[in-house]
1. Given axes a ≥ b ≥ c from the Cα gyration tensor, I'd like to know whether region 441-569 is rounded (a/c under 1.5), prolate (a/b larger than b/c) or oblate.
2. What order do you get for VAL324, VAL186 when you list them from fewest to most C-beta neighbours inside 10 Å?
3. Going toward the positive end of the dipole of region 284-436, with +1 on Lys and Arg Cβ and -1 on Asp and Glu Cβ, which of ILE417, THR436, LEU352 do you reach last?
4. For the charge dipole of region 86-185, defined by +1 on Lys and Arg C-beta atoms and -1 on Asp and Glu C-beta atoms about the Cα centroid, which residue among ILE90, ALA138, LEU106 has the Cα displaced farthest towards the positive pole?
5. With r defined as the distance between the Cβ atoms of HIS572 and ASP509 and R0 fixed at 22 Å, what FRET efficiency is calculated, to the nearest 0.05?
6. Return the whole-Å distance between the Cα centroid of region 286-361 and the Cα centroid of region 423-469.
7. Here are some pairs, LYS317/LYS549; LYS272/LYS549; LYS303/LYS380; LYS444/LYS540; which of them have Cα atoms lying more than 29 Å apart in this structure?
8. Using a simple spin-label model with points 7 Å from Cα along the Cα→Cβ vector, what separation in nm is obtained for GLN471 and VAL207?
Amino acid sequence: MGIDKGKPRQTAAGKLHRQKAEQPQAPVGGGIHQARTEPEAQRLLHELTVHQIELEMQNAELRNTREELELSRNRYAELYDFAPVGYFTIDAGGLIREVNLAGAQLLGIERQRLVKMPFSDLLSNAASREIFSRHRDAVSHNQGMQKCEIDLKRKDGTTLPVELQSIMVKNIGDKVDYIHTTVLDVSDRRRAEDALQKAYGTLEQMVEKRTQALVSANEQLLLEVEERKAAEASLRKANAEIKLLSDRLQVENIQIQKELSRGYDFGDILGKSDAISYVFFRVEQVAPQEATVLLLGETGTGKGLIARAIHSRSVRKNRPMITVNCAALPENLIESELFGREKGAFTGANALQMGRFELANGGTIFLDEIGEMPLPLQCKLLRVIQDGEFERLGSPHTIKVNVRIIAASNRKLEEEIRAGRFREDLFYRLNVFPITIPPLRQRKDDIPILVQYFVAKYNKKIGKEIDAVSQKTMNALQEYQWPGNVRELENVIERAVITSHGSELQVLDRFDTFREPGGENEVHALADLERDHILKVLQKTGWRIEGKKGAAIILGLNPSTLRARMRKYGLHHP
């Protein structure tokens with residue numbers, strides 16, 4: 001309820017009092033009492049009732065105001081107590097008047113003991129007391145926010161380095177000035193600075209030692225030069241030879257660094273073995289060209305990464321690279337996905353759709369699992385490779401595109417040709433520059449590199465700190481034949497990082513299913529072992545292929561690759 005500040009409120013009680021004062025006074029000692037009339041009594045009763053209602057409303061307002069003030073005070077107390085830094089309120093005499101919960105916990109002292117304690121008693125040494133004295137004087141003279149670093153004593157006797165931020169606040173009610181101080185723990189920063197300073201000192205010693213060695217070597221060189229001045233012609237010849245050797249060494253060093261960089265980390269592909277290094281060499285040969293590339297190799301060997309490496313090193317790197325998994329697309333939709341469709345081309349085609357070849361115009365298209373492409377579409381693909389043109393599904397108009405084609409297959413296309421499942425003329429068009437990617441079992445030298453990379457990757461992803469792999473574990477990983485190749489290795493390492501305890505990698509998987517203990521006499525049984533293993537996993541999962549509990553996840557394969565293996569081995573749901 002608002003209050004008129006211009007006029008004082010005239011209550012019914014005030015009116016009644018004023019009326020009594022205005023009425024003529026009866027003579028003392030016996031006048032006649034003048035009775036009030038009934039209308040006047042009712043009016044006074046009404047005014048008293050209104051006055052009572054007003055008082056009740058004012059009391060309600062006061063109660064609401066008091067509740068709001070109490071709620072505000074509680075919120076302030078919560079913010080004050082549970083702030084992430086310590087807050088101290090110090091009076092002009094240096095006594096602690098208030099402290100929040102975080103400040104008490106920093107010192108390990110109960111809040112009740114800290115109140116009315118001199119703040120100087122918490123300082124651990126004379127230097128801190130001198131710094132705090134200057135700090136408090138600066139704040140007291142209203143020089144704004146002041147900062148300083150001092151050392152405080154904790155309850156257990158240890159020293160706590162802190163940063164103080166203080167400001168003078170005037171309390172109007174008490175007419176007393178208080179210093180509000182924020183206390184921030186800087187022990188971690190202090191340790192980091194000490195470590196940095198120690199490292200800097202060590203570095204200076206190393207530089208000084210190396211400088212002395214260089215000075216000594218320079219003096220020895222000058223001595224040798226002085227001794228050989230007599231043979232100036234011979235010295236010039238020797239210098240020329242040294243320069244020649246130095247230039248050659250520099251060129252060789254650059255070449256070695258280039259080879260090491262290329263052999264160890266080729267884009268997203270890791271490896272330094274001879275087998276993978278030859279693949280890198282082939283990629284660098286063909287990448288700047290426009291030739292069609294055919295990538296061959298088992299599933300999980302990284303054909304997609306090789307395709308992207310070729311594209312990123314080509315003149316088309318600023319244009320898109322479109323990837324098509326021929327095994328993942330349904331047979332009745334693969335044509336419209338590749339070449340597009342017109343509106344109304346078939347039932348459900350409600351809008352025009354551009355095909356993958358149109359989207360890749362000016363760039364690269366990667367046809368993964370090309371061996372899975374149906375025969376009728378192979379003829380249309382052959383025309384695109386030869387003439388760079390095609391028609392959308394449901395359209396008579398020819399579309400011209402300029403696309404570089406990279407194809408990949410984990411099948412032996414020559415056998416597919418003999419079986420009548422792949423066109424021979426398409427194979428020769430694709431096989432312009434074939435690159436065979438070796439399986440992981442032929443790259444055993446790369447397994448330690450890949451293991452360290454995957455451990456670091458999943459350490460960061462999962463939040464572990466695994467930094468050691470025992471030689472026994474590494475030997476087991478290198479002896480395993482890896483039918484799923486790099487993808488299977490990555491899945492094994494991810495599981496191991498999840499299940500490992502401590503800082504050493506603990507691989508719980510068994511690696512005896514696909515080994516070749518008998519040498520060449522047992523190599524022929526690898527396919528049978530793989531078929532049996534896939535069959536057991538399918539039976540265990542109830543023939544479920546995809547999903548978290550599907551066979552593809554357990555085997556470390558893509559669902560499309562697993563379906564291809566099932567077709568290859570004639571595995572069908574009973």
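Read-outs: derived from the displayed coordinates by stated rules, not from any lab. Computed from a predicted model, the values in this text were never measured in an experiment. Positions of Cβ are backbone-derived with ideal geometry, glycine not excepted, and every protein chain shown enters the neighbour counts.
1. Oblate.
2. Final ranking by Cβ density, sparse to dense: VAL186, VAL324.
3. Checked the options; the winner is LEU352.
4. ILE90
5. 0.20
6. 22
7. Working: LYS317/LYS549 39 Å; LYS272/LYS549 35 Å; LYS303/LYS380 24 Å; LYS444/LYS540 31 Å.
Over 29 Å apart, Cα to Cα: LYS317/LYS549; LYS272/LYS549; LYS444/LYS540.
8. 4.0
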